[in-house]
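S.K.: Starting off with a structure, shown below.
Readers should treat all values here as calculations from the given coordinates under stated rules, not as data from a laboratory. Just so you know, these numbers come straight off a predicted model, no measurement behind them. Note that we place each Cβ from the backbone using ideal geometry, even for glycine, and neighbour counts take in every protein chain shown.
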Amino acid sequence: MRILVKEILNKESQEVELAGFVNSRRDHGKIIFIDLKDRSGIAQVVFTPQIGDFYKLAENLRQGWVIKIRGLVKLRPKGMENPELLTGKYEIEAKSLEIVSRAEALPIEVDTDGYGINEEIRMKYRYLDLRRNRLTRNLKARAKVFKFIRDFLTERDFIEVETPILTKSTPEGARDYLAPSRLQPGKFYALPQSPQQYKQLLMVAGLERYFQLSRCFRDEDTRGDRQPEFTQLDIEMSFVSQEEILNLIEEMFIELVKKFYPEKTITQIPFPRLTYQETMEKCKSDKPDLRKNSKNPNELAFIFIYDFPMFEWREEEKRFDAVHHPFTRPKIEDIKEMKKNPSKILAHQYDFILNGNEIGGGSLRSYKPEVLEAVFKIMGHSKEQIKNKFGHLLEAFSFGVPDHGGIALGLDRIIMVLQNEPSIREVIAFPKTGDGRDLMMQAPTKVELEQLKELHLKVIDEKEKGLV
Ligand code: AMO
């Protein structure tokens with residue numbers, strides 16, 4: 001039976017079966033040394049001419065080939081140990097070899113950290129890129145953090161609920177990705193920019209404590225810390241104060257860092273909580289980096305910023321917009337007062353910052369239909385538009401709604417900082433380029449005319465667009 005490379009440690013003098021990739025090959029005289037890599041690590045396998053045909057087969061081995069071997073676990077000769085490898089005291093004396101598959105010369109090196117390689121080529125061959133230890137480590141760390149979060153919240157009585165991907169537009173400040181409906185000609189679903197409305201509706205449903213590791217889709221220009229699709233830890237709670245939400249998040253991160261990143265120090269506990277105004281006055285930024293030494297990758301400065309303005313004036317559109325989103329509860333509930341001077345109103349809104357990165361944001365929500373309606377009106381929506389876009393939410397609130405609030409954390413950004421990576425692309429298995437392409441799958445692509453017809457669509461080319 002096949003065992004893992006790391007398991008040879010207590011198998012000295014035993015015959016074992018290993019499987020994996022040829023990571024590298026060295027020849028010393030007649031002896032061939034192969035570094036065999038599997039998901040647990042690397043072990044040195046030695047082929048000598050004594051094994052006849054298997055030796056001849058081993059002479060062909062190249063980096064990237066997939067093999068299975070049987071062999072004897074032995075201590076390496078004195079002075080030949082490799083302290084950098086977990087298995088560095090041992091080697092396997094090969095007895096047989098099976099070639100599972102051969103590999104062409106790899107277009108990128110996979111046994112380096114990869115930072116120096118052109119990123120477009122790395123993305124095109126992402127399945128090879130992911131073989132490098134650094135990226136495998138990032139994916140493992142991501143999985144561990146996700147599991148920790150699931151356990152942490154489940155133990156605290158939160159329920160994990162999946163919400164739809166094919167849905168209706170929810171404003172989070174970006175353009176929507178649309179999916180055409182075949183069965184409803186001319187109509188489109190929007191992919192969620194966040195599960196914001198669903199999680200609020202789950203509070204109307206009486207769940208009280210919801211979370212989801214949710215995929216969000218935003219059609220905006222991609223940057224180092226932005227992807228068209230990304231993952232949020234989305235949370236919503238009923239009968240809750242801002243204090244309780246921030247405390248929960250703080251406790252989660254202190255425990256997470258202690259458990260998985262003991263080498264890191266948190267600059268200040270409890271995490272500083274500053275108002276938006278204080279932050280702007282003191283730091284001239286709404287996402288300040290409060291590390292004592294910003295060159296130290298092992299320092300984590302978490303901050304909560306709260307009391308943001310509710311509205312901001314959009315000069316180009318000549319209207320007010322919500323700074324966070326319209327579901328945020330204004331700090332004043334007197335509607336007449338609110339309408340008098342919207343730019344002066346503060347909101348029950350908070351951001352979560354780590355080392356100068358915005359890693360989360362949330363708010364208490366307007367649960368009184370008349371407050372919500374007033375906010376939509378200040379933002380310039382007509383009665384008719386409010387009914388079309390948000391009628392379902394207002395109707396839901398008419399059937400009894402607990403006061404509620406929540407937060408969403410940008411998990412890709414969080415893993416990026418924790419893993420000391422310069423971009424979220426390094427912690428996402430299959431990221432997209434700056435212009436939103438998947439170079440490996442070659443998406444997006446043109447589709448057959450038949451498929452367009454079925455979806456009641458016609459593509460307008462750039463020339464035609466000019467004429468429209
Ligand atoms: P917000 O829009 O602030 O809030 O998003 C929450 C967090 O998600 C991360 N984020 C992104 N990460 C990668 N790529 C992107 N394109 C991207 N956009 C956002 C950020 C951000 O802080 N529904 C509200 C939350 C709430 O009110 O509960 C929301 O989505 O780290």
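S.K.: When the helix-only estimate is applied to the chain (DSSP H runs of n ≥ 4, each -39,500 (n - 2.57), divided by the residue count), what is the mean residue ellipticity at 222 nm, nearest 500 deg cm²/dmol?
M.R.: Roughly -8000 deg cm²/dmol at 222 nm, from the helical runs in the chain.
S.K.: Checking the cross-link filter: which lysines have an alpha carbon closer than 24 Å to that of LYS463, excluding same-chain neighbours under 8 positions apart?
M.R.: LYS446, LYS453
S.K.: Here's something else I'd like to know. Grab the alpha carbons of the chain, take their convex hull, and tell me the volume per residue in Å³.
M.R.: 214 Å³
S.K.: Per residue of the range 421-435, what does 6.51 cos²θ - 1.76 cosθ + 1.60 with θ = phi - 60° give for ³J(HN,Hα)? Whole Hz please, x for Gly and Pro, Karplus curve as stated.
M.R.: 9, x, 8, 5, 4, 6, 10, 10, 4, 10, x, 10, 6, x, 9
S.K.: Which far-off residues, 5 or more places away or on another chain, put their amide H under 5 Å from the one on ARG76, with H placed in the peptide plane?
M.R.: TYR90, GLU91
S.K.: Round to a whole angstrom and tell me the spacing of the C-alpha centers of the range 279-324 and the range 10-63.
M.R.: Each part's Cα centre sits 55 Å from the other's.
S.K.: Could you sort the peptides 162-174, 72-84, 32-44, 212-224 by per-residue average Cβ neighbour count (10 Å cutoff), highest mean leading?
M.R.: Final packing ranking: 32-44, 212-224, 162-174, 72-84.
S.K.: Checking the cross-link filter: which aspartates and glutamates have an alpha carbon closer than 18 Å to that of LYS389, excluding same-chain neighbours under 8 positions apart?
M.R.: Answer for LYS389, where 18 Å is the Cα cut-off: GLU172, ASP176, ASP321, GLU370, GLU373, listed by chain and number.
S.K.: Please report the antiparallel percentage of the DSSP beta bridges confined to the chain, to the nearest 5.
M.R.: If we restrict to bridges inside the chain, about 90 percent are antiparallel.
S.K.: Please list, in order along the range 7-21, the HN-Hα scalar couplings obtained from phi with the Karplus expression 6.51 cos²θ - 1.76 cosθ + 1.60 (θ = phi - 60°), rounded to whole Hz, x for Gly and Pro.
M.R.: 7, 6, 3, 10, 10, 4, 6, 9, 8, 10, 10, 10, 9, x, 8
S.K.: Amide H neighbours of TYR189 under 5 Å, counting only residues 5+ apart in sequence or on other chains, H built in-plane at 1.01 Å?
M.R.: Under 5 Å from the amide H of TYR189: ALA179, SER181.
S.K.: On to the next question. Which entries in the list LYS258/LYS432; LYS140/LYS292; LYS264/LYS295; LYS187/LYS465 go over 25 Å, if you measure between the two C-alpha atoms of each?
M.R.: Listed pairs above 25 Å: LYS258/LYS432; LYS140/LYS292.
S.K.: Past 20 Å, Cα to Cα, is the threshold; run LYS11/LYS259; LYS11/LYS144; LYS6/LYS37; LYS284/LYS340; LYS168/LYS387; LYS199/LYS336 against it and keep the listed order.
M.R.: LYS11/LYS259; LYS11/LYS144; LYS284/LYS340; LYS199/LYS336
S.K.: State log₁₀ I(q)/I(0) for the range 217-269 at q = 0.12, 0.14, 0.18, 0.19 Å⁻¹ as given by the Debye formula over alpha-carbon point scatterers of equal weight, solvent excluded.
M.R.: -0.49, -0.64, -0.88, -0.90
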